[in-house]
There are 2 protein chains.
Amino acid sequence: MSRRTGAVTMHDVAARAGVSIKTVSNVLNGYQYIRPATKEKVETAIADLGYQVNLTARNLRRGRTGLIGLAVPELSLPYFAELADSVIRAAEARGLTVLIEQTGSVRERELEVLTGQRRHLTDGLIFSPLELGPQDVDALDVDYPMVLLGERIFGGPADHVTMSNVDGAKAAVRHLLDQGRRRIAVVGAHEGETVGSAALRMQGYREALEDAGLGVDPALIGEAGLWHRATGAEAMHRLLDSGVELDAVFGLNDALALGALHALHARRIDVPEQIAVIGWDDIEETAYSSPTLSTVSPGREQIARTAVDLLLARIDDPDSDRPYERVIADFTIVGRESTLGDAAPEVAPLVAVAR
Amino acid sequence: MSRRTGAVTMHDVAARAGVSIKTVSNVLNGYQYIRPATKEKVETAIADLGYQVNLTARNLRRGRTGLIGLAVPELSLPYFAELADSVIRAAEARGLTVLIEQTGSVRERELEVLTGQRRHLTDGLIFSPLELGPQDVDALDVDYPMVLLGERIFGGPADHVTMSNVDGAKAAVRHLLDQGRRRIAVVGAHEGETVGSAALRMQGYREALEDAGLGVDPALIGEAGLWHRATGAEAMHRLLDSGVELDAVFGLNDALALGALHALHARRIDVPEQIAVIGWDDIEETAYSSPTLSTVSPGREQIARTAVDLLLARIDDPDSDRPYERVIADFTIVGRESTLGDAAPEVAPLVAVAR
């Protein structure tokens, strides 16, 4: 919409400053070889007249919109809301506005994010798919700057920032083993899946048990398709109903673990006395739940900052043949009441710094 | 960015279809007086060539971008993340994409949202200010469609969707009185403020106490500037440290109430046996906390849908002199364990439907 700039034009600014339109344009575009006195005259005229640059027209000239896209599955999942917050702050610090799109974890909408016409409005895209997989790697071969987040697709034609899934899960299970737990259940497994966060965190779970000389008991593996509080509670109830013996639960994300806590509370099972619980994501809620939730902090701030920086580097140098980078964020284990009980510190310190 | 459309132009489509560029343009713009055979030829050519409309150029012609802005204080506050989710879904159902901007509750950023150059990229704005107030009503007199959310500014030059703050707060306090509570504290008051959610909810608190023949004891009013979990916990600790006698707490939002719950848990105070707690917002977390949190459900879905509909009506008819509307959303009291204890139903029903 250009109504807002209708009143004052570049012609008006030029006339007021007593310079050519070309000179006004040079000032607006930050051209460096302009005499300071001329620059000041133009800037004074701009201020006096309240002239506003038509950003659409200007960006069309520069080939930039100053906007970047961030496509996430669901803002109502706290991890993605907090990630969006971090990306917005990192982008703001670099003068960029973030256009957030929500895919709802629907495959068609994830493909539409890549090819949709609103890509013309953004200079680049930070994309966290949940449904696309290795078979979709061709769809990722886009002709605009993009940074991938998540664990769905590795080796795709884009820079990629990912969590340390296997090692983080190993450390989480080791933390439970360190508290003397031996019957460690999982909530949130995806049976048969070989890609994605669930598969990788399950690999870490298995490796930690094997390192401790323990086997994996399939009766302890709780499935949950969506990683929400509700599905975590349901999976926990199913495990308890099955009668399997357990003394700890690893929720593959915090929403699942908080749902599991809710189910344990409803059944008057003491956490961590009878069953210890650990999650993954370190969303703010985990520091306030009752009991407070131990979790894996997967480096959200680092992920956001790195993604924005990688994207900006591609935007600034679109023809670079620099190879695609893969950055794995640092993680930490945050020990709280749900595993440490009364021994948990008032403000939980970082139990282990990884990598 | 126009690289994506660089390969195929409207000229190519016209040549392939054997029609004029004007005809292609008419088809693309949905012009209705086109012979079906001609329309089909053009559409076939578009499909064969993989032509993509340049949305930027097209919207500049139509004066629309298909984007609406949503400016909220903080996505890391669950209420605003869940509100954004609801607005995105309501907008998607109407073919609109939402550009989310975060102001961080900074006054300058809230003013920038109104005047910033990215307003040229959106057809309209849904704006939830937290810092602007009645003195800023002139800044709201913008020349693009806008819908206001929240309680900071009434009678401004825009359609406005608001919560039922006074009545909702009265109902919340009445719910506590119905459980036999008489010493009802508040967490989240803003001393001296006469506008905004805090002032209105405090008015409802006072009116409910007066209706019950009780007075307001200033010692029971806990201040908290930001409405976060951390500030709620701090305010609760201060109230308890003061030694004032209390048997219930009204958190002016859920984050504050969840922070208060956390503080009570840390001090081994039983909720609701010793102190009952109610919040405001009905964020998902309240159905999973331990104990589950009673709260005021302020009609988030209705607020989102109404705001999008009001905005679309203004976008579709920008020159309408229809007076500005003010819509007050319906609220409900959701009774859970933090006030009802073991009497709380497994899935809390709506205790009272208001208005």
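Assorted remarks:
- For first residues located in segment A:131-153 and over 23 Å from A:Glu74 (Cα atoms) and in contact (Cβ under 8 Å) with a residue 12 or more places away in the chain, partners that are surrounded by 21 or more Cβ atoms within 10 Å (Cβ to Cβ) and among the polar types (S, T, N, Q) and lie 6+ apart or on another chain with Cβ distances below 9 Å form the pairs A:Tyr144/A:Thr122.
- Listed here are the helices (runs of 4 or more DSSP H) enclosed by segment B:220-332 that have at least 2 residues being closer than 22 Å to B:Gln179 by Cα and not acidic (Asp, Glu): B:229-241, B:254-266.
- Yes/no for A:Arg268 being under 28 Å from the mean Cα position of the chain (by Cα) and free of Cβ contacts under 8 Å to residues at least 24 places away in the same chain: no
- Restricting the first member to segment B:322-347 and to residues that are over 21 Å from A:His237 (Cα atoms), and the second to residues that are among the β-branched types (Val, Ile, Thr) and assigned to a loop (DSSP other than H, G, I, E, B), the beta-carbon pairs closer than 7 Å and six or more apart or on different chains are B:Ser338/B:Val271; B:Ser338/B:Thr292.
- Residue match in segment A:257-264 (condition: closer than 30 Å to A:Met146 by Cα and either in contact with a helix residue (DSSP H, G or I) (Cβ under 9 Å, 6 or more places away or on another chain) or within 14 Å of chain B (Cβ to nearest Cβ) (or both)): no
- Enumeration of residues in segment B:188-234 that are under 17 Å from B:Val166 (Cα atoms) and among the polar types (S, T, N, Q): B:Thr194, B:Ser197, B:Gln203
- Residue in segment B:102-120 that is within 17 Å of A:Val72 (Cα to Cα) and free of Cβ contacts under 8 Å to residues at least 60 places away in the same chain present: yes
- Taking the criterion of being among the charged types (D, E, K, R) and within 14 Å of chain B (Cβ to nearest Cβ), the residues of segment A:116-173 that qualify are A:Arg118, A:Arg119, A:Asp123, A:Asp141, A:Asp143.
- Under the condition of being at pLDDT 80 or above and buried (at least 17 other Cβ atoms within 10 Å of the Cβ), the residues counted in segment A:8-23 number 6.
- Just one residue in the set B:Val53, B:Val72 is within 11 Å of another protein chain (Cβ to nearest Cβ), in contact with a helix residue (DSSP H, G or I) (Cβ under 9 Å, 6 or more places away or on another chain) and at pLDDT below 80; that residue is B:Val53.
- Looking only at segment B:281-336, residues that are on the phi > 0 side of the Ramachandran plot and touching a helix residue (DSSP H, G or I) at 6+ places or on another chain (Cβ under 6 Å) come to 1 in all.
The values are calculated or read from the model by the stated rules, or taken from the named source; none is laboratory data. The structure presented is a predicted model; accordingly, all values stated were derived computationally and were not measured. When we count neighbours, we look across all protein chains shown, and the Cβ atoms used for this are built from the backbone with ideal geometry, even at glycine.
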